[in-house]
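Worksheet: one structure, shown below.
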Amino acid sequence: MRIMIVEDDIAIGFSLRIALEDRGHEVQVYEDPTAIAYDAVHADIILLDYYMPKMDGEAVLQHIRRSPTLRAVRVILMSASPQLAQRAKELHVEHMAKPFDLSTLYAYIEAMP
Amino acid sequence: MSFGVIMGRLTKNQIKILGYLREVESAATTDQVAKALDIAWQTAQLNLLALAQQNKIKFEKIGRQNLFMRKGQKLSTPDDYKTLFDEGPQPSWIFDRETLELLAVNRHALGLFGYSREEFLGMRFTDLLENDHDRELLEMRVYRKQGFNEVVGQYRTLGIWKFMTKSDRHIPCELVARPIHFQGRLANVVVAQPIEKRKEAPSALELRYPLAAVVPSIIWTAKPDGTITFANQLWYEYTGLSYEMTKHVNWKEVVHEEDFSKWEHLWKQLELKNFEGEFRILRVDGVYHWHIVRIIPVRNEKGEITMLAGSMIDIHKYRLEEELHQAETNLRVLLDAVKEYAIFMLDRDGNVASWNKGAERIKGWNEEEIMGKNYAIFFSAADRAQGKPEKILQAAKANGSFSEEAWRVRKDGTNFFAEVIVTAMRNKEGDFIGYAKVTRDITEKKLNESVLKQLMQNRLILDAAGEGIYGLDADGRVLFVNPTATKLLGWTEQETLGQHMHELTHYSTEEGMPYSVSACPIQGTLKTGVEMRGEEMFWKKNGSAVPVEYTSTPIMGNGELQGAVVVFRDISERKSAEEKIEQSRSQLNVILSGIKDGITAVDVHGNFIYANDAAAKILGLNSAKDMMEKKSGEVLTYFDVIGENGEIIAPQDLVTRKAFKGEIVQDVRMQFRVKATGECRWSVVSAQPVFDKQKHVDFVINIFRDITFEKNSQDKLNEQERRLRFLAEISADLASSIDYQKTLKNIASRMIPELADWCAIDMLREDEEVERIAVVHMDPKKIELAYAVQDAFPYDKNARTGLAGVLRTGKPEFVPLITKEMIDSTVMNELQREIVSKLSLHSLLIVPLIGRGKILGALTLVMTESGRMYTEKDVAFAQDVARRAAMAVDNARLYQESQQALALRDEFLSIASHELKTPVTSVKAFLQALEQRMGKPEQFDFRKNKEYMQLSIKQVDRLGAIINDLLDITRINNGKMQYDFRITSIGPVVAEVVERMSVSFPSHVIACKLQDLTARVKIDLLRFEQVLTNLISNAVKYSPTGSVIDVSTHSEHGKIFIAIKDQGSGIPEEEQKLIFTRYYRTREAVTSKVSGMGIGLYISSQFIEAHNGTLDVHSVQGKGATFVITLPRVGDK
């Protein structure tokens, strides 16, 4: 599966990448959401950090929703704040609270939507 | 449920629809008809949707707006709703407001666009549009929420959009949209009206002809130049014009020439206003009839007049009736205006057929009584017996008219001498129809001509009179005497006639002094021609005197004084009665003067018959005697009489006046304010009329009880009670809200009018300037002015007096009366003078707001127009109010501070937990990944995995650092931080930290320029290094990659300076102090979501302070920041 990770924390991005690559997924990590050419990216699933400097998760989501290539892609919002689950519901995306078990991550990603 | 049934239940919406249908009726053009019909349909459809919607949704709250939807009655099931939507008469669809996805569509829309339902619902709204411009516009309007985020249930017209069907057909549609909740989403329902379809609406002409035929007035349409294009049947019937003639009608020939200029005038103004007026219009038989004519211009989209629509209603009949009625009324008014003459009509038999006001005045009968009665009632019984009334009528009928001067009888039986003219009336055809009678009362004229004659003629009557009567000639000799006179005075008629009356009966005064003719008022009448009345003494034949009351009336004839009639009567009995009364009155005087109530008696002429000293005192006069010498009217001018509610009582409303009208007035409270002294006395006043034998009011007794003392003590009690209530209300106000600014505004408005005409509240800010929280003026127009004062007199915190003085000393300032001198000494320029004079300052009171010993602000109270003055009592009261207000402000501020602290703590906790969770997330992921790999030894790559472990350790260090920061801040907060101070050289310490940081942050160049390497300081090494590390990592965090960070030291004046300079974006001046406070995060850090808890610089500055040093920042925004640690240098050994 092609997985796109948008996460400003290098350590988190890196650790998730190795964990997912070990499962055989193709992973691309983006630290700076403003630098992504959304239309050029192809992915099956997007892991999106909510709190980021420069551009927050909701703004990134807007870009994804307008991108012809990413419009229909599943988005999982990640944040350390459990309150965000509600907001995620309003935005029609799934939510994972940090820190999480890799088993949870795998379950999210590998379960069919 | 059918469409019709649902329609039947839509009462409110029905009305709306009916309104649109009415528009259809009155529309004049095809387009207007079509448009009105469309709107009616669209609204009906949207209303039905809304109704159905309400039944499904109970209660929902969206975002920050409270959009409540009530649970409606069960009017339709969801299936009904669906059917309704699907079968609706217009193309319609629903789209998601966030994503623009199409969520539902009805059959009409599918038919219009040519898509299948699946195809349609797979698209977004924008895919329906014809071009990119419209797509962008729609997206922009949706995202900007223009017309798409209104309150649920409101319709918005969105204008015309260009759509394209599946088969590439272009169809412009006008859209109406309404926000709804659909499938749990925010959505909009859109109803489209294809523009081309409009043309298929019923033709206006089809509607027009049947209507025109049944309207009961003439209607027509015309070109703007007046050429008639259509007229209904009634036009042809009325004007008699043919179809061809109508087409070329010349309005000048149809409208009456006198009305035509008005017609032309209105016609010229058609561009500006509708034409409406009354005109005479020529009928086929040549007669003009009055019509109301209305002409309305019909305009195209550009607003140009394309057509005229006119109507004409025949009002001729009403107009004539009105004129006739007016003429009758005029005549009646005219007749009624004639008061001197009785003018009335008699029918053929002499019965009264009309009556005027003059007739009523002269004859005493009113119209209602006399109408229909025979006019013989105006004649004496003798005349009637002789058949005089009938004879007069016969004569008038025979000769055309009859006139005479003769006696007639009034309603009350008295006679009057009348001049009478009776005229026979005939109609145009010469038929006799009745009589007009004009009568004038000439009694006085008649009497003046012939008093003596009358006297002699009426001798019998005079002889019977109870008074003595003498008739005198011009010389005063007796021509006539009646028996009463001879009996009263003892002189026989023979002895009297021809004698000089004065010499016979009036020769000497009561005291025996000679009474000359020239001094006698009775004889004076013969000289002056003026009637005289009075009391005199007449001498009897036997030599005794008799008191008489007399009237002496001149007799005029042919313009000359011919003599006089003297009428007199014996009043000796009355005289002695009066003496007795006088005696008892003086006794009563003694009794009444001892009474505390004021008592007066006033006669009809306004003379005081009696007054006691108490009355004089209440009314502000010295004594009763003083009062008795004056007329009551004069006394009244000395004081104002004021009612209980403070209103001045007009003289005609005074109780005495009422009593003269026969009314008994009891216990009315009023105040007498003596004009000269301003002294007020309250009284309870009663007045009672005393009647004479004829039941006329003879005089009035007034009784005044002075209640000034009781009233004043009551007022004081009332005032105390009012102020207590006022305080209680203010206290309630203060307790009702913790928003102290709002509360103070409430307090300020409560001060008006109880305690001030103008009130301001100023609060002292931390920078010692003042902030005006509230200004209230009795006259709202003057609030501006009150603010202008602040600008004109800028606040000077060093001023000795005024607001500044009060705020400095905490003592109230109290100016009972603001004098002109005070103003002169204060104002500095004309602007100030102008403002002050406009405010008309009168009295001033400023009290401080003091809470927990601290001066928080001041309450300024000013009296202006009301002219009231502050007293010591007001000062105490205002201070009381201010104390309560200050306490409330203080409490509110404490509350606000505690709330802010709580919010700050919560925010900090949330940030701290985020900061802690971030490294935990990655460490957990690393470790779990490693764990998984350990399950597959064949893939185990030691080099790689070591790298992962190092990364994990780094994250754990990051966690440790955060936890240390948290521990530090807890220790600082609790004051339990412990330091291990040792003396050491500064240079190596700084150099080591810089070196370590260079390794950690290869992304930046950290340059080190150290002077005085051996300079010694007393530091806690660990803590100091922590500070330095923190400052350098901040510099790294906030400056661009690759930039230089300079760390330098130098010593000066026994101090060591360690500076860390970066090339980042800098810190705005207003934030430079704040960054050292606990939990503070710069706006930049917050908005760009840079991680951090806002405690690093706080901890650092606390540490440095513990070192007896300082931590400062110097920065210009955009040009980097320099943090400087200053430490005291320890003397070299």
Looking at the stretch B:357-383, which of its residues are among the aromatic types (Phe, Trp, Tyr) and part of a helix (DSSP H, G or I)? B:Tyr375, B:Phe378
Conditions (1) within 14 Å of chain A (Cβ to nearest Cβ); (2) exposed (fewer than 11 other Cβ atoms within 10 Å of the Cβ); (3) in contact (Cβ under 8 Å) with a residue 12 or more places away in the chain: number failed by B:Arg852: (1)
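Scan the stretch B:387-425 for residues that are basic (Lys, Arg) and under 18 Å from B:Ile343 (Cβ atoms) and report the count. Steps first, please.
To start, the set of residues in the stretch B:387-425 that are basic (Lys, Arg) comprises B:388, B:391, B:397, B:408, B:410-411.
Cutting the leftovers down to under 18 Å from B:Ile343 (Cβ atoms) gives us B:408, B:410-411.
Number of matching residues: 3.
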Six or more apart or on different chains, Cβ atoms under 6 Å: show the pairs whose first residue is in the stretch B:390-417 and among the basic types (Lys, Arg) and whose second is assigned to a helix (DSSP H, G or I). B:Arg408/B:Phe378; B:Arg410/B:Lys363
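For B:Glu834, state whether it is in a loop (DSSP other than H, G, I, E, B), more than 14 Å from every other protein chain (Cβ to nearest Cβ) and either within 30 Å of B:Asp779 (Cα to Cα) or under 48 Å from the mean Cα position of the chain (by Cα) (or both). Full working, then the answer.
Numbers: in a loop (DSSP other than H, G, I, E, B): no; more than 14 Å from every other protein chain (Cβ to nearest Cβ): yes; either within 30 Å of B:Asp779 (Cα to Cα) or under 48 Å from the mean Cα position of the chain (by Cα) (or both): yes.
Answer is no for this residue.
Right, A:Tyr50: surrounded by 14 or more Cβ atoms within 10 Å (Cβ to Cβ) and in contact with a strand residue (DSSP E or B) (Cβ under 6 Å, 6 or more places away or on another chain) or not? Spell out the reasoning first.
Details: surrounded by 14 or more Cβ atoms within 10 Å (Cβ to Cβ): yes; in contact with a strand residue (DSSP E or B) (Cβ under 6 Å, 6 or more places away or on another chain): yes.
Considered against the rule, which asks whether it is surrounded by 14 or more Cβ atoms within 10 Å (Cβ to Cβ) and in contact with a strand residue (DSSP E or B) (Cβ under 6 Å, 6 or more places away or on another chain), A:Tyr50 comes out as yes.
Considering only the stretch B:624-673, give the helices (runs of 4 or more DSSP H) lying wholly within it that have at least 3 residues that are farther than 17 Å from B:Val604 by Cα.
Numbers: elements: B:624-628, B:632-636, B:655-660.
In the stretch B:624-673, the matching helices (runs of 4 or more DSSP H) lie at B:624-628.
Between B:Glu1071, B:Glu1052, which is at pLDDT below 90, farther than 21 Å from B:Phe981 by Cα and in contact with a Ser or Thr (Cβ under 7 Å, 6 or more places away or on another chain)? Give the derivation first.
Values: B:Glu1052 fails: in contact with a Ser or Thr (Cβ under 7 Å, 6 or more places away or on another chain).
From the options B:Glu1071, B:Glu1052, the qualifying one is B:Glu1071.
Any residue at all in the stretch B:395-411 that is in a loop (DSSP other than H, G, I, E, B), hydrophobic (A, V, I, L, M, F, W, C) and either closer than 20 Å to B:Phe432 by Cα or in contact with a Pro (Cβ under 6 Å, 6 or more places away or on another chain) (or both)? Please lay out each step first, then the result.
Quick first cut of the stretch B:395-411, residues in a loop (DSSP other than H, G, I, E, B) only: B:400, B:410-411.
Remaining after also requiring hydrophobic (A, V, I, L, M, F, W, C): none.
The answer is no; no qualifying residue exists.
Does B:Val176 satisfy being modelled with pLDDT of 80 or more and crowded, with 17+ Cβ neighbours inside 10 Å? Give the steps one after another, and end with the answer.
Working: modelled with pLDDT of 80 or more: no; crowded, with 17+ Cβ neighbours inside 10 Å: yes.
Judged against the criteria, B:Val176 is not a match.
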Please indicate, with yes or no, whether at least one residue in the stretch B:543-550 is surrounded by 19 or more Cβ atoms within 10 Å (Cβ to Cβ), in a loop (DSSP other than H, G, I, E, B) and not polar (S, T, N, Q). no
When you look at B:Val956, is it surrounded by fewer than 17 Cβ atoms within 10 Å (Cβ to Cβ) and in contact (Cβ under 8 Å) with a residue 12 or more places away in the chain, yes or no? yes
Which of the residues belonging to the stretch A:69-85 are away from every other protein chain (no Cβ under 12 Å) and of a type outside the set (Ser, Thr, Tyr)? A:Leu70, A:Val73, A:Arg74, A:Val75, A:Ile76, A:Leu77, A:Ala85
Restrict the check to the stretch A:34-43 and report whether at least one residue is loosely packed, with under 13 Cβ neighbours inside 10 Å and within 26 Å of B:Lys1037 (Cβ to Cβ). yes
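Give the residues of the stretch B:1074-1107 that are touching a Gly at 6+ places or on another chain (Cβ under 8 Å) and either within 23 Å of B:His1004 (Cβ to Cβ) or modelled with pLDDT of 85 or more (or both), sorted by residue number.
Answer for the stretch B:1074-1107, where residues must be touching a Gly at 6+ places or on another chain (Cβ under 8 Å) and either within 23 Å of B:His1004 (Cβ to Cβ) or modelled with pLDDT of 85 or more (or both): B:Arg1081, B:Ala1085.
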Report, ordered by the first and then the second residue, all pairs with beta carbons closer than 9 Å, sequence separation of six or more or different chains, a first member in the stretch A:42-53 that is within 14 Å of chain B (Cβ to nearest Cβ) and in a loop (DSSP other than H, G, I, E, B), and a second member that is surrounded by fewer than 21 Cβ atoms within 10 Å (Cβ to Cβ) and among the basic types (Lys, Arg). A:Tyr50/A:Arg87; A:Tyr51/B:Lys1089; A:Met52/B:Lys1089; A:Pro53/B:Lys1089
For residues that are out of contact with any strand residue (DSSP E or B) (no Cβ under 8 Å at 6 or more places or on another chain) and charged (D, E, K, R), scanning just the stretch A:88-113, find the one that is farthest from the other protein chains (Cβ to nearest Cβ). A:Glu110
Can you tell me which residue within the stretch A:54-88, out of those that are part of a loop (DSSP other than H, G, I, E, B) and without any contact (Cβ under 8 Å) to a residue 12 or more places away in the chain, is farthest from A:Met1 (Cα to Cα)? A:Gln83
The conditions are (1) under 18 Å from B:Leu241 (Cα atoms); (2) surrounded by fewer than 17 Cβ atoms within 10 Å (Cβ to Cβ), and B:Arg280 fails exactly one of them. Which is it? (2)
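Residue-by-condition table, conditions (1) within 14 Å of chain B (Cβ to nearest Cβ); (2) at negative phi:
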site: A:Arg2; (1), (2): no, yes
site: A:Val6; (1), (2): yes, yes
site: A:Gly24; (1), (2): yes, no
site: A:Gln28; (1), (2): no, yes
site: A:Pro33; (1), (2): yes, yes
site: A:Asp39; (1), (2): no, yes
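How many of the residues in the stretch B:873-904 are without any contact (Cβ under 8 Å) to a residue 40 or more places away in the chain and either within 14 Å of chain A (Cβ to nearest Cβ) or surrounded by fewer than 16 Cβ atoms within 10 Å (Cβ to Cβ) (or both)? Write out each step before concluding.
Looking only at the stretch B:873-904, we keep the residues that are without any contact (Cβ under 8 Å) to a residue 40 or more places away in the chain, and these are B:873, B:876, B:882-883, B:886, B:890, B:894, B:897-903.
Adding the requirement that they be either within 14 Å of chain A (Cβ to nearest Cβ) or surrounded by fewer than 16 Cβ atoms within 10 Å (Cβ to Cβ) (or both) leaves B:873, B:876, B:883, B:894, B:897-903.
Count: 11.
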If I filter the stretch B:924-947 down to residues being under 12 Å from A:Ala19 (Cβ atoms) and more than 7 Å from chain A (Cβ to nearest Cβ), which single residue comes out as surrounded by the most Cβ atoms within 10 Å (Cβ to Cβ)? B:Leu930
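Only one residue in B:Ser910, B:Ser952 is in a helix (DSSP H, G or I), over 21 Å from A:Gly24 (Cβ atoms), within 11 Å of chain A (Cβ to nearest Cβ) and modelled with pLDDT under 85. Which one? Steps first, answer last, please.
Working: B:Ser952 fails: modelled with pLDDT under 85.
After applying the criteria, what remains is B:Ser910.
For the stretch B:994-1066, please list each of the strands (runs of 3 or more DSSP E) lying entirely inside it that holds at least 2 residues being over 20 Å from B:His1107 (Cβ atoms).
Numbers: elements: B:1005-1010, B:1016-1019, B:1044-1052, B:1055-1061.
Of the strands (runs of 3 or more DSSP E) lying wholly inside the stretch B:994-1066, those with at least 2 residues that are over 20 Å from B:His1107 (Cβ atoms) span B:1005-1010, B:1044-1052.
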The lone condition B:Ile703 fails out of (1) β-branched (Val, Ile, Thr); (2) closer than 22 Å to B:Val602 by Cα; (3) in contact with a Cys (Cβ under 9 Å, 6 or more places away or on another chain) is (3)
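The values are calculated or read from the model by the stated rules, or taken from the named source; none is laboratory data. Owing to the predicted nature of the structure, the values given are computational and were not obtained by experimental measurement. So basically every Cβ, Gly included, is an ideal-geometry build from the backbone, and we count neighbours across all protein chains shown.
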